[in-house]
Structure formats: C-alpha cells, structure tokens
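Participant: What follows is a structure written as structure tokens; I'll ask about it next.
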Amino acid sequence: MLDLAASAAVAPARDPRPQEPHPHPHRRGRHAARRAHAAPDEQGSTPRLAALIPAHNEQDRVAAAIEGLWAQNRRPDLIVVAADNCTDATAAVAAAHGAQVFVTQGNAHKKAGALNQAIAWILPHLDDLDLLLVQDADTVLNPWFTETALATFNRRVGAVGGVFYGEEGGGVLGFLQRMEFHRYAWELERTGGKAQVLTGTGTMFRARVLREVRTARRTGVIGGGNGYYSLASLTEDDEMTKAVKTLGYRAMSPAGCAVTTEVMPTLGKLWHQRLRWQRGALENLRDYGWTRVTARYFLQQFLMGFGALAFLAYLSFMISFTALYGWPGFSPFWTSIGLIFVVEKTVSVRRAGPTAVLVAALMIPEMLYDLFQHAVYFTSLWGLFRRSEEKWVAT
C-alpha cells in the first residue's frame, strides 16, 4: 500500500508556502523559487494544485513533462506520475525529477484505468475547489499554462483544456500535422476558447467536478463504469468532455494554455492514432445519444462526412471528365470558390510560418492529407456499423 503521507502537499491543512511532497536533492536549489500568483477561488482562498501524469514506459519522455511542470509560473503543489505496468525506468526517472510516484495495481484498462486509480488516491486529499491537472507524459506545457487555466475558472467552468501544437520532427508528415494543429488552435480562438475536446495532452479539473462525474456514472446519469474516466471509451478525453458538459459545466481551451506534444512519424502510427480518435468519437456519440450537449458534435460528424463525400465526388468527376473529354477549361465561378478555399487554408496557418502558408497555397499536399483523413473517417464509420472491435494500438 502506498503511503498517503507522502502527499502532504495536498493534505487538508493549507500552507501558503510551496512544499515538496517527494524531496529531491537538487530540487530546492533549482526550483525553490517564488510561488506564482494563483487566482482565488469562489470563497476567496487560493486553491491548491496537483498534477497527474499517467505513464506507461515513458522513461525517455517523462522527465521533460515533469520539468515543464516545475517551470510553470504557478508551480503545482504536488506532481504525481502514475507508473502503469511499466517495464522500464519510468518510475525511477520520475522520482529523480522530484515527482511522487504512484504505481498502479492490476490495471487492465490502459490509460483510463491508470487515471482512475491515481485520482482515487489523490482526490480524498483535495477540497472541492482545489484543482487537478491531468497531463500526458509525451507533452510539455508552456510556462503560462497553469496560471492561464487558474484565471479561466469560474462558477460555470468545470475544466480547462490545453491547445496542442506539434513538436518538431517527423518530416513532411510531421509538418502537415503541425499545420493541422495550428489550424485547430486558430478555430478555437475564433470561438472564444470554447473547448471541443478536453485534450488528454493537458486538462485542469475542479476536484468537485471530478467527484460529480464519478457520482453521475455510479447513478447511471452517464455511462462508462464507476470511476472518474470511462473504461468503455477508446478516447477517454473526448468522453470526459461530454461528461463535464452533460453535468452543466463549461469546458474552455484558452490560447494561453498551449502544450507541445509528439507527432506521429509514420503513416502507420498516424493511421492507428486517428482511427482510435475517430472511432472513439463516434462510439461516444452513440453511447450518449442525441442531447443538447451532443447535438453540435453530431452535426460536426455529419458535416465531416458530407464534406468528405463531396470532395471525393468532385475528384471523381474531374478525373473522369478529363479522361473522357479533356480539360474542361477555365470557370470563373469554380475558380472563385477555389480561391476562397485557398485563402481560408492559408490564413488559418499563417502563425505556423511562411513555409506552412506556402504549403497550404500549393493545396496538393494537404489534399492528399485530407484524403488520408477521409479514409480514416469512413473506415471508422464502417467499423462502427459492423460493430467490429477496435483494439488499442500503441503509438
């Protein structure tokens, strides 16, 4: 049994000084720094912040994730790494970088199961208005993440998620993913930071909200088992978003909550990642059904499918027509439509730099990338229709 006394930084007694739950010989010298100003909660007191990193064989990545947390303007009071079925040095690396290590016991439910065990261990030591940040081990938060998230919370906001950007590398495929992530960030900003998904790369929750989610699962208000995260979903972060919103809370992703996460270096890895994301999103909608919360998600999926079909129909028509009758010639109407499309594509990635703008203007690379995404969508839809089992593949 793990010693809960090690989590003194989140014990009921409030200490205004930053504390080290798992002292490291060099930690205080390097990080004994100032405590950044945290936003007061509804009762005027300063909420405590714990950070949780689920990790399965992440010895090469977890150190950077932990150091990113120590470098926050508002440092966490406690960092916990949930070492889940690890066969490498993840736990040792985490401890060496000043994190408290929680080792899961008999977990057969992947990331969601690890999170449920660790949250059940941490949450009894948090008050309702305290906060828990859940972050992937392959992600580094920008230094303003926690400070921005704390300032975003109010009575209506139950969780604040990150805005993810791709790390460098991965060649052309990695570059196209970074363009995609920049475009997603641009869309979030246009909607005022309303989160579409409380991304697993980094999301901060009110402790009270997590307790309410578990109660709602246990009473049958929402599905997913008896824990905090759903054990039945391929995409536990997407399902958690719908759970939080179903309970009447807002979910936000402000621009200041940027995170840098890995990109998939090969088509095979990208295929498995996106198939899990897409299939999970469709299954979550099937399980929740049509509600005031899911209506916009159903509409998004419909528009995604309609757009994919329209794009494929257009390509098929142009290829067939050109093969039979030659190039159809210049059309002012369709050219103007195409120009609008190109302008939107280039403007939405301008912050990614001039190379991204040039690639977007060329259209062909992203058209091929879109065809890949369409293949993922229709494969997921077909698998859902056939009720085939989608197995977890490590990426």
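Values in this text are rule-based calculations from the coordinates and carry no lab data. No experiment lies behind these values; they were computed from the predicted model shown. A quick note on method: Cβ atoms are made from the backbone with ideal geometry, for glycine too, and the neighbour counts reach across all protein chains shown.
Participant: Can you give me the long-range amide H partners of A82? Hydrogens built in the peptide plane at 1.01 Å from N, cutoff under 5 Å, separation of 5 or more residues or another chain.
Facilitator: I53, A55, F102
Participant: Does segment 43-87 come out rounded, prolate or oblate, given a ≥ b ≥ c as the square roots of the eigenvalues of its C-alpha gyration tensor, rounded meaning a/c under 1.5 and, failing that, prolate meaning a/b above b/c?
Facilitator: Values: a/c = 5.48, a/b = 2.01, b/c = 2.73.
Cα axes put segment 43-87 in the oblate bin.
Participant: Long-range amide H contacts for T291: which residues qualify at under 5 Å (H placed 1.01 Å from N, peptide plane, sequence gap of 5 or more or a different chain)?
Facilitator: Under 5 Å from the amide H of T291: no residue qualifies.
Participant: Sort the following peptides by mean Cβ neighbour count (other Cβ atoms within 10 Å, averaged over residues), highest first: 332-338, 106-112. Walk me through the intermediate numbers first.
Facilitator: Values: 332-338: 9.7, 106-112: 17.0.
Highest-to-lowest ranking by the protection proxy: 106-112, 332-338.
Participant: Within 10 Å, count the other beta carbons around each residue, average over each peptide in 132-138, 308-314, 324-330, 85-91, and list them highest first.
Facilitator: Top of the packing list down: 132-138, 85-91, 308-314, 324-330.
Participant: Something else: Using θ = phi - 60° and the Karplus relation 6.51 cos²θ - 1.76 cosθ + 1.60, list the HN-Hα couplings for segment 224-229 in order, rounded to whole Hz, with x at every Gly or Pro.
Facilitator: Going residue by residue, I get x, x, 10, x, 7, 9 Hz, with x marking Gly and Pro.
Participant: Using a simple charge model, +1 on the beta-carbon of Lys and Arg, -1 on the beta-carbon of Asp and Glu, nothing else, what dipole does the chain show about its Cα centre, in debye to the nearest 20? Write out the running numbers ahead of the final one.
Facilitator: Numbers: 41 positive and 35 negative charges, 163 e Å.
In total the dipole reaches around 780 debye.
Participant: What 222 nm value per residue comes from the helices of the chain, counting each DSSP H run with n ≥ 4 as -39,500 (n - 2.57) and dividing by all residues, nearest 500 deg cm²/dmol?
Facilitator: -15500 deg cm²/dmol
Participant: Would you check the chain for Lys pairs whose C-alpha atoms are within less than 14 Å, ignoring same-chain pairs closer than 8 in sequence, and give me the count?
Facilitator: Qualifying lysine pairs in the chain: 5.
Participant: Hey, can you grab everything whose amide H is under 5 Å from the amide H of F164? Only 5+ residues off in sequence or another chain; H modelled, so Pro and N-termini drop out.
Facilitator: Amide H to amide H, under 5 Å and 5 or more residues apart or across chains, F164 pairs with V259.
Participant: Quick one: what are the phi-derived ³J(HN,Hα) couplings along segment 340-349, Karplus 6.51/-1.76/1.60 with θ = phi - 60°, whole Hz, x for glycine and proline?
Facilitator: 4, 4, 5, 4, 4, 5, 6, 4, 6, 10
Participant: Against the longest alpha carbon principal axis of the chain, how many degrees, from 0 to 90 and to the nearest 10, is the axis of helix 295-325 turned?
Facilitator: Roughly 30 degrees, rounded to the nearest 10.
Participant: Could I ask something else about it? For the peptides 220-231, 237-248, what is the packing order when you average, over each peptide's residues, the other Cβ atoms within 10 Å and list the highest mean first? Can you show the working numbers first?
Facilitator: Values: 220-231: 18.6, 237-248: 22.9.
Put in order of decreasing packing, that is 237-248, 220-231.
Participant: Calculate one ³J(HN,Hα) per residue across segment 142-151 by plugging θ = phi - 60° into the Karplus curve 6.51 cos²θ - 1.76 cosθ + 1.60, and present them in order as whole Hz with x for glycine and proline.
Facilitator: Those phi angles translate into 6, x, 9, 4, 5, 4, 5, 4, 4, 6 Hz.
Participant: Still on this structure, I have one more. On full extension of the chain, what length is gained from L312 through R218, given 0.36 nm per residue of separation minus the C-alpha to C-alpha distance?
Facilitator: Residue separation times 0.36 nm, minus the Cα-Cα distance, leaves 29.4 nm.
Participant: Restricting the count to DSSP beta bridges whose residues both fall in the chain, what percent are antiparallel, rounded to a multiple of 5? Provide the component values of the computation, followed by the final result.
Facilitator: On the way: 11 of 32 bridges.
So the antiparallel bridges in the chain amount to around 35 percent.
Participant: Right, next: Placing unit charges on C-beta atoms (Lys and Arg positive, Asp and Glu negative, everything else neutral), compute the dipole magnitude of segment 195-347 about its Cα centre in debye, rounded to 20. Mind showing how you got there, number by number?
Facilitator: On the way: 17 positive and 9 negative charges, 121 e Å.
The dipole magnitude comes to about 580 debye.
Participant: Can you pull the one-decimal nm distance between simple spin-label points at T379 and R296, each 7 Å off the Cα toward Cβ?
Facilitator: My value for the distance between the label points is 3.0 nm.
Participant: Which entry is the computed Kirkwood radius over Cα pairs in Å for this structure: (1) 22.4; (2) 21.8; (3) 23.1?
Facilitator: Entry (1).
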